[in-house]
Every structure is written in structure tokens, then in C-alpha cells.
Amino acid sequence: MNYIGIDLGTSALKLLLMDQNGALLKTVSREYPISFPESGYSEQNPDDWWKAVKNGIPELLKGYSNSSVKGIGTAGQMHGLVVLDQDDNIIRPAILWNDSRSEEETEYLNYDIGKKKLLQYTANIAYPGFTAPKLLWMKKHEPGLFSRIAKIMLPKDYINYKLTGVFSTDYSDASGTLLLDVVHKKWSAEMMKICSVQREQLPKLFESDAIVGHLKSSVSDELQLPDEVLVCAGAGDNAAAAVSSGAVVNGRCNLSIGTSGTIFIAADHLADGIGNSLHAFVHANHQFHLMGCILSAASCNQWWNNNILNQTDYAEEQRFISSDKLGNNDVYFLPYLMGERSPLNDASAKGCFIGMHMDTKREDMTQAVLEGVAFAIRDCLEVVRKQGIAVNASTICGGGMKSPLWRKIFANVLNIPLEIPEIQGSGYGAAILAAVGCGEWKNTEEAAEKIIRIKETDQPDELLAAEYEKKYQTWHQIYPALKELYKNMGDHI
């Protein structure tokens, strides 16, 4: 039996075929556009996602028996607002996780409703990227469209709805809406009232490995798959990536460096108030997790190389950074190109370089970009450590981690070993969840024990880690010094 994992990313759909023993058989990718109609806006057409699925699955199965597919799991970008009317028409483009238009609504939730109440209702405070502030923005700015809403979905749930016709979501993804009572794993009546949302507009809640349905006959015919193929609820991309790396036991950590950057720690309980600075969400293993999310990670490196240096060979650009410069760079970079989420919660924060001299070189600034992202993740890790949670090692995934230099910087800035799994990523985690749902393994812990293997580990160097500790303490003072100035600078036009 084989399983399909679907990873609905920000820039592309990635499809993966896994066999019943966890072996990776094939991958396929399909890109789709993203639009920025105004400064701070970030949108996509959900129909583009579905077209990518319909186009990609037949390609994925070339060379394999379609009848061997037993289950499908979906993971995807979190927090996006997808709204359908009573006839299942898409009402407006999806408002994505990295859209910052709802800053005013976020302020209303955090300061008028109050962070204390939000923590009580949802275990989290509001961020502009979350779904609830987007709904409030839509209610204020697009009241006609808001009144037409019959179904509120997250991106990956739109794919599952198209596959099965079942209006569903999972707890991990729902945690990022600010509409879920995370502790009690139910939709929050208080948040629904605040956002003028009715219960019937929200999907049914499932555990991530639960089977929500099977393929609709029209879909199975179109994709030439058996009707009995089962679809599990799936998970938010970071929870699915954690499953793929084995971060499903209390205290296990996974670091993901993609467009955004996350540090993810599995937990069997939630500490009171930690949702003030990190996300406190349900995990795909039926328990909980803490997550710090920085909005710009590998995208900072992409911006610096593509937009500023006109360079597309990132490895070539990093080749000029000598080992003696690590921990000894005078240039610092704040990676807040789209504002920042964890732990600052500041949509007005902006990127900057500081510390340049007449002898500053191109490679010094490239190094500063890599270090700045690592320092921002370190900020999130410090919040976890202050809760008394020991993080002694982490697995890593994401495109940014293909760079040996960047992995070395991360290992020493965080001062923990970084482990690279043989297979990693949200799509693989989604396929594992589907296999668990179909009975291949009894739970995600058993799956991790049986199939996840580490191929390489980057160890921190004691002396270099000490140098980076000093650099981090300096870097950590830059944002507080600029915070008030950012507020007065206004938005980029």
C-alpha cells in the first residue's frame, strides 16, 4: 500500500508518494502565483491550489499502480482565510499567513478585548497573520462579502473539501485561527461572538490522523484513483514537519527554515501565559506544542541575493565567508522584512543592517543576513528556556538548511546539536499521518520510532558558541533601541 502526502506551501504544492514502510518513492512539485495587491497584502486563488493537485497527482503516480494508493494526507500553510458562499463559490482570494493588513484588528483584539481574555479563550494572543483578525478586517472593509460567508476554511482544508466533500479541519491547524479553545479542543464561543461567526460556518474538528472521508466519486474518476482511498484530516505545515522529523515526544524540537522560520517543541501540557510570546497549539500527535515563528527566514536570504545582489547561486555567495569570520562579524541584520511575529508581535518592525564600516565587504553583509535569522530563532528559544523547558537538540528541515554554512551558524547560535533526518518535510509528515489513520502504525510515536532515521548531525563548537553568545547579546539590544522609531516610520508604500 502507498500513501500520498500533500504539502500546500506558499509558493508551490509538493506531492510525495510513500510506501507502507515509510520509504519515499517519488516527489512532484507544482508552482502557483501569489499576489500582493497592496503593501502588506498577500493573497492567492484557492482554485490554483486545486488545479495543482489535479495536475500533480497523475504525474506523481506515473510508474506506480493507482490502485496501490490507500490514503491521502494533507499539510499546508497555516492561518490563511478561505471563504465560500452557500453554493461553494470562492468569495474572495485567500488572505495568507504573511498578510499584515489586519494590524488594526489585531490591536483591537489584544488591547480592547485584552490579551488576558484571549489567553483564557484560546491560550494565545492575536497576531496579524491569524485568521480571526482577518475575519474582523473583512467584516469592516468588505461587509457585503462577509455577509455571504457560509464556510470558513484553512488552505489545506479547502483541498480536503474538494477531495471528499467533508467540511473539516484538524486541531493543529485550527489552533492558528484564534477561534479555537486550544486547552479544551473546541471552538471558542466567546471568539465566535467577537468575530460575528456562527458555529455552522466553522468546520468539524478532527485529530490530525483521523479519517474524515473517502474520495468523492467525481474526484476518484478524474484522478483515476479508487473510490475507497481514505483522506485524513492532516495538519498545519509545522505540525506535519514535526511528525516527519520525530518531534512527537515531550521536549523534542524541530527547526524549520523555509519562507518563514519556526522552532517547534512538542509538549504534553501547556504552561500558563506562554501564548503571550509563542504559539501554544494542539499537536498532530493529539497533545500540544509550543512554536515560535519568525515571518522572514530563508526569504531574507532570497531577498538579499536576488533583489540586492542580483545573485541566484546562494552557495557561491556564501563561499567567500571564511571560517575565521564566524562569530567575529561587526555587521548585524534584523530580519523583519515583513514585520515580526514571535516573540515581538510587531507588524511595524522592519529589516535593517547596522555596524557597517568603510572596510565592510559584501560577504560580511551576506553573513549578517544568515546570522540575523539565526538570532531571531534564538529569541524564540530563549522564551522556551525561561519556562524551564530543556531543549538539548533539534532536528532541522526546510530549504534554508541545505546550506552547510547556515547549519553551522544555527548550531552555534543556538548551542545545540542539529540533526538532519534522512527524509523530512510537511508532505512526508502528512503521508505518515495518513498511514497512521489507515492503521499502518498505531500512532505517530510508533511511526517515528520505526521509520525516522538521522543521516547527519551538526555539533556546536564550544569556542564558537561562546563567541556567538556575545554577538547574540549585542544583537538582542538592537530591536528595543529601534522599536519606537519603527512606529514613526509608517508603512512602506
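The values are calculated or read from the model by the stated rules, or taken from the named source; none is laboratory data. As the structure is a prediction and not an experimental result, all values here were calculated from the model. We place every Cβ from the backbone using ideal geometry, glycine too, and count neighbours over all the protein chains shown. The accessibility values were calculated without ligands, DNA or RNA, using every heavy atom of the protein model including side chains. Shrake-Rupley method; radii C 1.70, N 1.55, O 1.52, S 1.80 Å.
Every residue in region 12-33 that is among the hydrophobic types (A, V, I, L, M, F, W, C), under 21 Å from the mean Cα position of the chain (by Cα) and crowded, with 17+ Cβ neighbours inside 10 Å, please.
Once the filter is applied, which keeps residues that are among the hydrophobic types (A, V, I, L, M, F, W, C), under 21 Å from the mean Cα position of the chain (by Cα) and crowded, with 17+ Cβ neighbours inside 10 Å, region 12-33 yields 13, 15, 16, 28.
Look through region 34-71, keep the residues that are within 20 Å of the chain's Cα centre (by Cα) and in a strand (DSSP E or B), and return whichever of them is surrounded by the fewest Cβ atoms within 10 Å (Cβ to Cβ).
35
Considering only region 164-195, how many residues are within 27 Å of residue 143 (Cα to Cα) and either in contact with a Phe, Trp or Tyr (Cβ under 8 Å, 6 or more places away or on another chain) or open to solvent by less than 30 Å² (accessible area, probe 1.4 Å) (or both)?
18
What's the total number of residues in region 104-143 that are among the hydroxyl-bearing types (Ser, Thr, Tyr) and not in a helix (DSSP H, G or I)?
Pass one, region 104-143, residues among the hydroxyl-bearing types (Ser, Thr, Tyr): 106, 108, 111, 121-122, 127, 131.
With the extra rule that they be not in a helix (DSSP H, G or I), the set shrinks to 127.
So the answer is 1.
Among (1) surrounded by fewer than 22 Cβ atoms within 10 Å (Cβ to Cβ); (2) at positive phi, where does residue 91 come up short?
(2)
Looking at region 153-178, which of its residues are in contact with a Ser or Thr (Cβ under 8 Å, 6 or more places away or on another chain), hydrophobic (A, V, I, L, M, F, W, C) and within 18 Å of residue 98 (Cα to Cα)?
153, 154, 178 - these are the residues of region 153-178 that are in contact with a Ser or Thr (Cβ under 8 Å, 6 or more places away or on another chain), hydrophobic (A, V, I, L, M, F, W, C) and within 18 Å of residue 98 (Cα to Cα).
Restricting to region 362-380, count the residues that are over 19 Å from residue 307 (Cβ atoms) and surrounded by fewer than 23 Cβ atoms within 10 Å (Cβ to Cβ).
So the count comes out to 2.
Can you name the number of the only condition in (1) loosely packed, with under 14 Cβ neighbours inside 10 Å; (2) at pLDDT 95 or above that residue 79 fails?
It fails just one condition, (1).
Just to be sure before I move on: is residue 456 open to solvent by 40 Å² or more (accessible area, probe 1.4 Å), assigned to a helix (DSSP H, G or I) and in contact (Cβ under 8 Å) with a residue 24 or more places away in the chain in the structure I sent? First the steps, then the outcome.
Values: open to solvent by 40 Å² or more (accessible area, probe 1.4 Å): yes; assigned to a helix (DSSP H, G or I): no; in contact (Cβ under 8 Å) with a residue 24 or more places away in the chain: yes.
No, not satisfied.
Considering only residues that are within 26 Å of the chain's Cα centre (by Cα) and either free of Cβ contacts under 8 Å to residues at least 60 places away in the same chain or assigned to a helix (DSSP H, G or I) (or both), which ones fall in region 459-477?
Going residue by residue through region 459-477, those that are within 26 Å of the chain's Cα centre (by Cα) are 459-460, 472, 475-476.
If the condition is that a residue be within 26 Å of the chain's Cα centre (by Cα) and either free of Cβ contacts under 8 Å to residues at least 60 places away in the same chain or assigned to a helix (DSSP H, G or I) (or both), then 459, 460, 472, 475 are the ones that fit.
So, of the residues in region 414-447 that are out of contact with any Leu (no Cβ under 9 Å at 6 or more places or on another chain) and assigned to a helix (DSSP H, G or I), which turns out to be most open to solvent (accessible area, probe 1.4 Å)? Before you say what the answer is, go through the steps one by one.
As a first pass, look at region 414-447 and keep what is out of contact with any Leu (no Cβ under 9 Å at 6 or more places or on another chain): 415, 417, 419-421, 424, 429, 432-433, 435-436, 439-443, 445-446.
Now drop any that are not assigned to a helix (DSSP H, G or I), which leaves 429, 432-433, 435-436, 445-446.
Details: 429: 0, 432: 2, 433: 0, 435: 0, 436: 13, 445: 60, 446: 45 Å².
Across region 414-447, the extreme among qualifying residues is 445.
Restricting to region 94-109, and then to whatever is among the acidic types (Asp, Glu) and closer than 18 Å to residue 294 by Cα, can you tell me which residue is surrounded by the fewest Cβ atoms within 10 Å (Cβ to Cβ)? So that I can check it myself, show each step before the final result.
If we filter region 94-109 for residues that are among the acidic types (Asp, Glu), which is where we start, we get 99, 103-105, 107.
Restricting the remaining residues to those that are closer than 18 Å to residue 294 by Cα gives 99, 103.
On the way: 99: 23, 103: 18.
Selected residue: 103.
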